Amino acid sequence: MELLGYITLAIFIVTMVLTLFRKINLPVQTVLVLVSLVNLLIGFLFRIASDGFTSAILLPNEMIGGIILHPITALLGGLFLAGALEATKGFDALKVIIAKLQKSPIGLAGTLVIIINLPVIASLPCGRIIAAALLPLLFSFGWEGGMGLLTKTQLVVLIGAFTRNAMGSCGPSPIGGVGQIGEGFLGAFFPTASDGILRSPQAFSLMIGTAITALFLKIISQKLYPNDVTLRDKPTTIGFEEEKKITKIKAPFRGYLSLIIFVASLLIAIFQPFGKMPVQTVLVAGGILIILFCRASIQDLMGGIILLPVTAMASGFLAAGVLAATGGFDALGVILKSLSAIQILGVAGMLAIFVQMQTILPLSCSRILTAALVPVLYLFGPAKFNLITWPQLAIVMAAYMINATTSCGPSPLGGGGTMGEGQMRAETGFIKGAYTFASMAIMAPIAAIYMKFMNFTVFSPENPEFSQNLLVLALFTLVIIGISGGMMGIVSRSIGKDVAKNWNLQLIYFLISGGIAGAVLALAVYEIKILQIAQGFIGGVIAALLIGLMVPKTLAAVRRAA
Amino acid sequence: MTEDKDTKKDEQEDKPIGARFEEDQPYVMPGIRRFQFFTNVNDRALTKNLNRAAMLGIASMLAIDVGKAVVNKNPQTIYCYECRACYGTQDKCPVGIAFQAELVVSARVADYNRFLRNGGLKCIRCGNCQSFCVQYLNLPQIFGTMQLQTMEALREGKIPKSMVKKAFEKGLINQAFIDEVAEFLEMP
């Protein structure tokens, strides 16, 4: 069984890496289904040899058990509702409201900041729901979309930051978000963990990470890939009357009505004022109300459904199901644990790599690997291997989980970030550097520090120094942002015309930032212990190397070659 | 005559470079000609069909996943978030089951191996774990239904003896089932 686990894990990882580097030029769903079939077949043969045919015949059931239905059905329900909103001109109504908001004291900048953080405010179980609904609206802010409020560069930053925020918002979601998996495991020690022990660290680090993503997109990505966003900018010759016409928007009454139903559905799904009901039921009920009162057809609603994320997610779960059934994840646990025996890494270094696992291998849905890796992390704690204590486990869990939930953002394998790239008319991979950097260098350490200095005050009564801890958290956050932001400025100024040099420069930036992230994580877990901090730094550098190497050097060349 | 030339020219332009249009090639499967399998890879016909087959496979698996829960009389399991909040039961579980969510998932797809491994037949349906479920699923009912199905499968020989033996040796069978399980394992 152990050998079988290593074989199936190797097949899965090699195939995924080859697909990520486009060496296997097939849609990810097809690759995942083929991997599942191959691993299933190998598992079947092993089972026949070891336990007989009766045992082997049960393997498909074990594989199907890997499918997590909740995110799939929630996503379908959300897309259904988004389709209804689109068909009934709900977005036009939203545009009118935004046009009015920009004339309010918060102005256009304030309005955009609120919009960018809407996903984390709404915290739905899948970021794609709100992204599918609002990305077309953000696109309309540009000249191509009709409102003419933002330039091309501003629109790239807006769409990129919004999508980053959305593809991480399942972390703090209380209605079936990925973060709840971690909270469930922490419930074994913290009695009130399921009330939301990870919610604040996730939301806080996501907001900061979103801002850093915006900065990275603005001052690095657009310089690295200058010709890979085909959005049209403001026309050089445009008359005053024409400009006035562009910004003038009207919406029908049914648009406002459908928008009200949409917002009400989201609020009911989140706050559950009429008692506990599945989020899917609320979303579909909202869609039906829009059909009844806003004259939308069922076809309009179906039009909102995007199949790729659903199928990519389902196929990923199938592959994970086979790996779990054949012992692939047990093998991964053994490999990760054995890393901690390497002197230069130790437990701190291994954990620094572990928290970045899903940024290293970003799949189409964070749940695919999370469902497998969180139990491994749990076993590192007092439940089995005793490598870390319960509070230390909670700190690592906070860091791991935010990176896990944001991992679908930079994934070219049907990740949610590709929706943003589509809207900004960018080549696949444009956002990868910014997204992976924010996850690795900003979100993971900030989430760990937040858990250490803030959440323990709430969830562990023996740590009551609230105001002092608040100050420490603020200082750490400023230091992390300051170092990353400062280095980002240096990198941005050093970028020239030499593609290879630019990429190397970015890689060095990744390595230093990754090292600092690992050291901060070790500091949060072990406090001031030089050896562990050094080990965390080394682990962080290794993780950053793997992440940095996956960021594409050029994008247009890939398109031309294809 | 000129029109014919134009039509032919248009047809040639419509054909993608590298594609084959041998109408006399025999069909291997409905809609798929032989060359699509064996010769010209560039036209990616094989890939297209492969993708279609993969999509069909995914859709079927989703349908089976939902359908099995309904057929197995455990439709509530579809609503499980798999958030593992039930793990908070800890010491309040009188028989020491640690991973309740695993039992819910195994009940959804009739995964006997996972159910036995995680102590499904040890559960006494006291309901202490239910208050931890964020979805308020009726966990004792779900586990009870799956216990009956597992015992039924055991009687029908659908579960290998080695699997049951492991659970038995680890003390994962409760008093209600222990006699029957021992008989199944032919233990004295």
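Remarks
- Annotation: A:Thr389 fulfils all but one of (1) buried (at least 20 other Cβ atoms within 10 Å of the Cβ); (2) without any contact (Cβ under 8 Å) to a residue 12 or more places away in the chain; (3) among the polar types (S, T, N, Q); the unmet one is (1).
- When B:Gly119 is tested against (1) in contact with a Phe, Trp or Tyr (Cβ under 7 Å, 6 or more places away or on another chain); (2) at pLDDT 90 or above; (3) part of a loop (DSSP other than H, G, I, E, B), exactly one condition is not met: (1).
- Annotation note: of B:Leu121, B:Leu137, the sole residue that is under 24 Å from A:Ile368 (Cβ atoms) and in contact (Cβ under 8 Å) with a residue 60 or more places away in the chain is B:Leu137.
- Residue ID - farthest from the other protein chains (Cβ to nearest Cβ), chosen from residues in the range B:73-111 that are closer than 25 Å to A:Val322 by Cβ and among the acidic types (Asp, Glu): B:Glu102
A quick yes/no check of all residues on (1) closer than 30 Å to B:Phe99 by Cα; (2) more than 10 Å from chain B (Cβ to nearest Cβ); (3) in contact with a Leu (Cβ under 9 Å, 6 or more places away or on another chain):
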{"position": "A:Ile121", "(1), (2), (3)": "no, yes, no"}
{"position": "A:Pro125", "(1), (2), (3)": "yes, no, yes"}
{"position": "A:Leu138", "(1), (2), (3)": "no, yes, yes"}
{"position": "A:Thr151", "(1), (2), (3)": "no, yes, no"}
{"position": "A:Gly160", "(1), (2), (3)": "no, yes, yes"}
{"position": "A:Ile175", "(1), (2), (3)": "yes, no, yes"}
{"position": "A:Val178", "(1), (2), (3)": "yes, no, no"}
{"position": "A:Ile181", "(1), (2), (3)": "yes, no, no"}
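- Pair list, Cβ under 7 Å, 6 or more apart: the range A:49-67 residue more than 7 Å from every other protein chain (Cβ to nearest Cβ), other residue of a type in the set (Ser, Thr, Tyr): A:Met63/A:Ser36
- Some residue of the range A:31-43 being more than 9 Å from every other protein chain (Cβ to nearest Cβ), more than 25 Å from B:Met55 (Cα to Cα) and in contact (Cβ under 8 Å) with a residue 24 or more places away in the chain: no
- Every residue from the range A:183-199 that is facing another protein chain (nearest Cβ under 8 Å) and in contact with an Asp or Glu (Cβ under 6 Å, 6 or more places away or on another chain): A:Ala193, A:Ser194
- The range A:373-389, residues that are within 12 Å of another protein chain (Cβ to nearest Cβ) and more than 17 Å from A:Arg199 (Cα to Cα): A:Pro375, A:Tyr378, A:Leu379, A:Ala383, A:Lys384
- Flag if A:Ala447 is modelled with pLDDT of 90 or more and either in contact with a Pro (Cβ under 8 Å, 6 or more places away or on another chain) or of a type in the set (A, V, I, L, M, F, W, C) (or both): yes
- The residues in the range A:226-270 that are in a helix (DSSP H, G or I), away from chain B (no Cβ under 14 Å) and either modelled with pLDDT under 85 or on the phi > 0 side of the Ramachandran plot (or both) can be counted, and the count is 9.
- If you go through the range B:69-81 and pick out every residue that is surrounded by fewer than 22 Cβ atoms within 10 Å (Cβ to Cβ) and assigned to a loop (DSSP other than H, G, I, E, B), you end up with 2.
- B:Cys133 satisfies every condition listed in (1) more than 10 Å from chain A (Cβ to nearest Cβ); (2) crowded, with 17+ Cβ neighbours inside 10 Å; (3) on the phi < 0 side of the Ramachandran plot; (4) over 18 Å from the mean Cα position of the chain (by Cα) except (1).
- Subset of the range B:136-188 (residues that are of a type in the set (S, T, N, Q) and surrounded by 12 or more Cβ atoms within 10 Å (Cβ to Cβ)): B:Asn138, B:Gln141, B:Thr145, B:Gln147, B:Gln149, B:Thr150, B:Ser162, B:Asn174
- Helices (runs of 4 or more DSSP H) fully within the range A:1-68 that include at least 1 residues being among the basic types (Lys, Arg): A:28-51.
- Meets criteria (buried (at least 19 other Cβ atoms within 10 Å of the Cβ) and part of a helix (DSSP H, G or I)) for A:Met302: no
- Yes/no for B:Lys122 being more than 11 Å from chain A (Cβ to nearest Cβ) and over 20 Å from the mean Cα position of the chain (by Cα): yes
- Selected residue (only one of A:Gly287, A:Gly255 is touching an Asp or Glu at 6+ places or on another chain (Cβ under 7 Å) and either buried (at least 17 other Cβ atoms within 10 Å of the Cβ) or without any contact (Cβ under 8 Å) to a residue 40 or more places away in the chain (or both)): A:Gly255
- For the range B:147-188, residues that are more than 24 Å from B:Asn74 (Cα to Cα), assigned to a loop (DSSP other than H, G, I, E, B) and either free of Cβ contacts under 8 Å to residues at least 24 places away in the same chain or of a type in the set (D, E, K, R) (or both) total 4.
The values are calculated or read from the model by the stated rules, or taken from the named source; none is laboratory data. The structure presented is a predicted model; accordingly, all values stated were derived computationally and were not measured. FYI the Cβ positions are ideal-geometry reconstructions off the backbone, even for glycines, and counts take in every protein chain you see.
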